[in-house]
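Structure first, commentary second.
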Amino acid sequence: MPLFGIYGKHTTEACPWNNIETAKILLKLAESDVDSQATEYKIHKIVGQYHSALEHTFLWVVEAQDPHLIQEFCVDTGVATFNELKFVPLITFREGVVSGIKKIHSL
Ligand SMILES: [Zn+2]
């Protein structure tokens with residue numbers, strides 16, 4: 001299953017720690033059944049959700065079929081209303097990098 005990183009960042013002013021409106025959006029998402037919602041967008045698994053609170057950045061790692069549907073998920077859940085987002089295809093170190101190096105260099 002393809003792996004994608006959802007990289008996000010927001011301003012200090014838009015941060016849910018500082019802004020009641022974005023706080024409500026994020027709490028609503030956090031207190032919902034996010035995994036079930038995600039499957040409607042062919043996001044099969046949310047592998048991890050990592051945040052750097054005071055840098056106002058985050059990385060969510062998901063197993064998903066279509067980055068366009070990840071985009072829809074972020075719009076429909078409100079995540080895209082206060083975050084700048086990018087969706088990056090990822091590979092694991094073992095499966096992608098090591099195998100890639102061996103293949104590229106015939107090792
Ligand atoms: Zn923040």
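Residue by residue through the range 49-73, note down the ones that are of a type outside the set (Ser, Thr, Tyr), within 16 Å of the ligand (Cβ to nearest atom) and closer than 15 Å to Gly5 by Cβ.
The answer is Gln49, His51, Phe58, Leu59, Trp60.
Considering each residue of the range 48-88, count those that are loosely packed, with under 15 Cβ neighbours inside 10 Å and touching a strand residue (DSSP E or B) at 6+ places or on another chain (Cβ under 6 Å), and give that number.
7
For Ile46, work out the one condition from (1) more than 15 Å from the ligand (Cβ to nearest atom); (2) of a type in the set (Val, Ile, Thr); (3) assigned to a loop (DSSP other than H, G, I, E, B) it doesn't fulfil.
(3) is the only condition that Ile46 fails.
Can you run down the residue pairs with Cβ atoms below 7 Å, 6 or more apart or on separate chains, where the first is in the range 72-89 and of a type in the set (Asp, Glu) and the partner is part of a strand (DSSP E or B) and at pLDDT 95 or above?
So the pair list comes out as Glu84/Gly8; Glu84/Lys9.
Would you be able to say whether some residue in the range 4-23 is touching a residue at least 12 places away in the same chain (Cβ under 8 Å), more than 10 Å from the ligand (Cβ to nearest atom), part of a helix (DSSP H, G or I) and surrounded by 14 or more Cβ atoms within 10 Å (Cβ to Cβ)?
There is no residue in the range 4-23 that is touching a residue at least 12 places away in the same chain (Cβ under 8 Å), more than 10 Å from the ligand (Cβ to nearest atom), part of a helix (DSSP H, G or I) and surrounded by 14 or more Cβ atoms within 10 Å (Cβ to Cβ).
Please find, among Tyr7, Tyr41, the residue that is more than 12 Å from the chain's Cα centre (by Cα), closer than 18 Å to Leu85 by Cα and not acidic (Asp, Glu).
After ruling out the rest, the residue left standing is Tyr41.
Within the range 24-33, restricting attention to residues that are of a type outside the set (Gly, Ala, Ser) and surrounded by fewer than 16 Cβ atoms within 10 Å (Cβ to Cβ), which residue is farthest from the ligand (Cβ to nearest atom)? Please lay out each step first, then the result.
Filtering the range 24-33 for residues of a type outside the set (Gly, Ala, Ser) gives 24-29, 31, 33.
Remaining after also requiring surrounded by fewer than 16 Cβ atoms within 10 Å (Cβ to Cβ): 24, 27-29, 31, 33.
Values: Lys24: 15, Leu27: 14, Lys28: 17, Leu29: 15, Glu31: 18, Asp33: 24 Å.
Step by step, filter the range 24-33, then rank; the result is Asp33.
Name the one entry in Glu63, Glu95 that is charged (D, E, K, R) and modelled with pLDDT of 95 or more.
Residue meeting the stated conditions: Glu63.
The values are calculated or read from the model by the stated rules, or taken from the named source; none is laboratory data. Keep in mind the model is a prediction, meaning the values are calculated, not measured. No Cβ is skipped: glycine too gets one built from the backbone with ideal geometry, and neighbour counts run over all protein chains shown.
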